[in-house]
Amino acid sequence: MAKVTMKEIADKLNISINAVSLALNNKSGVSEETRKLVLGVAEEIGYLEKSSKFIQSYASKNICVLIRKLYFEDSYFYSKIMMGIVEESRKNGYDILTCMINENEKIIPGCIENKKVCGIIVIGAIEDEYLVTLKEYRIPVVLVDHTSLLESTDSILTDNKLGSFKITKLLFDKGYRNIGFFGDLNYSLSIKERFFGYQEAIKKSLEIDINGNNTITEYIEELSILCNLETHIINQDHKKIQEIIKSMYKLPEAFVCSNDNAAILLINSLKELGYAIPKDMAIVGFDDIALSSLVVPKITTVRVQKDLMGRKAVKRLLWRLDHKSDQNENIVMSVDIVERDSIAIK
């Protein structure tokens, strides 16, 4: 195989060999734009492979974003986080390499294996085992919308528990008493946290009001749908949701949904079954995606600062590059309740 030379890079870009050398060695004398072009071509034609020094120069301005395919298909929530990551990275002179994680494989992307990135941002949940493997490469990692209970890692999180607690309490304040949760607890840590906040509001508000001999747990189980939902939510499968609704022994007066996508699907499914929202049932969501204010009725929800979460992740990663031995932190973003038309006063 013929040896790749600087002249080939220079010829491809129509610049001098000296400019290529300056760019590869991260020295002054060329613009940032030229440096990125040189490193991009050098990577493309295999020049970087011959020198760890040049790989390090290439890696110094690259961030790898890892996301499961399931989350990548969520165009309303995780795409907004991604947008924040991309914009903040560009603002600071970094490029993004996006890699989708296959749920059934444990393959580490080549850009991480070959240390062609200076940091890693993971969007959404990943398994602890995979996270441990990632951290073995000694490249700083920041998690977004997820944290590990076993492996200490910087994380950017939403105050899911408080948000869900407050929106459930809002329903009680409006006079609702039979309130269920609608969300797949196996989908993400965020949904588990939102369910926890809902549970705490139920316990605090209903402990003395439950009729008969039912416990809090029995009350929640009777009124909630907690599993085998996420595929239907992603596909917006009304028929499957209608089948689940029809199978319930008792319908609640209100549902606290795990996110706005779930709330939109539930509203549309109930309307097709002849229910009026909020006259027959109130529905609340979480995330405040754009569609939540466009559907009928407009959805009462919890506003999450999605773009800011992405920006915070980049800022934390860049800080971590200069503070590698400092303690890891969970940074929790505040939330707000947005009251709209999907609830009423009972």
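The values are calculated or read from the model by the stated rules, or taken from the named source; none is laboratory data. Everything quoted here is computed from the prediction, not taken from an experiment. Methodologically, a virtual Cβ is constructed for each residue, glycine included, from the backbone with ideal geometry; neighbour enumeration extends over all protein chains shown.
Modelled with pLDDT under 95 and surrounded by fewer than 21 Cβ atoms within 10 Å (Cβ to Cβ): which single residue out of Ile331, Ile345, Ile289 fits that description?
Numbers: Ile331 fails: modelled with pLDDT under 95; Ile289 fails: surrounded by fewer than 21 Cβ atoms within 10 Å (Cβ to Cβ).
Result of the check over Ile331, Ile345, Ile289: Ile345.
Within region 158-167, can one find any residue that is buried (at least 16 other Cβ atoms within 10 Å of the Cβ), over 26 Å from Ser60 (Cα atoms) and aliphatic (A, V, I, L, M)?
Scanning region 158-167 turns up at least one residue that is buried (at least 16 other Cβ atoms within 10 Å of the Cβ), over 26 Å from Ser60 (Cα atoms) and aliphatic (A, V, I, L, M).
Residue by residue through region 252-274, note down the ones that are in contact (Cβ under 8 Å) with a residue 60 or more places away in the chain, hydrophobic (A, V, I, L, M, F, W, C) and more than 16 Å from Asp341 (Cα to Cα).
Passing the criteria: only Ala262.
Any residue in region 218-237 that's assigned by TED's automatic domain parsing to the domain that holds Leu266 and without any contact (Cβ under 8 Å) to a residue 40 or more places away in the chain: show its pairings with residues that are part of a helix (DSSP H, G or I) and not basic (Lys, Arg) at Cβ separation under 6 Å, as long as the two are six or more apart or on different chains.
From region 218-237, the pairs are His232/Ile241; Gln236/Leu265.
Every residue in region 191-239 that is of a type in the set (Asp, Glu) and modelled with pLDDT under 90, please. Write out each step before concluding.
If we filter region 191-239 for residues that are of a type in the set (Asp, Glu), which is where we start, we get 193, 200, 207, 209, 218, 221-222, 230, 237.
Hits for region 191-239 are Glu207, Asp209, Glu218, Glu230.
For region 130-155, how many residues are more than 19 Å from the chain's Cα centre (by Cα) and over 30 Å from Val41 (Cβ atoms)?
The qualifying residues number 5.
Can Ala290 be described as outside the structural domain of His232 (by TED's automatic domain parsing) and under 22 Å from the mean Cα position of the chain (by Cα)? Let's see the steps before the verdict.
Numbers: outside the structural domain of His232 (by TED's automatic domain parsing): no; under 22 Å from the mean Cα position of the chain (by Cα): yes.
No, not satisfied.
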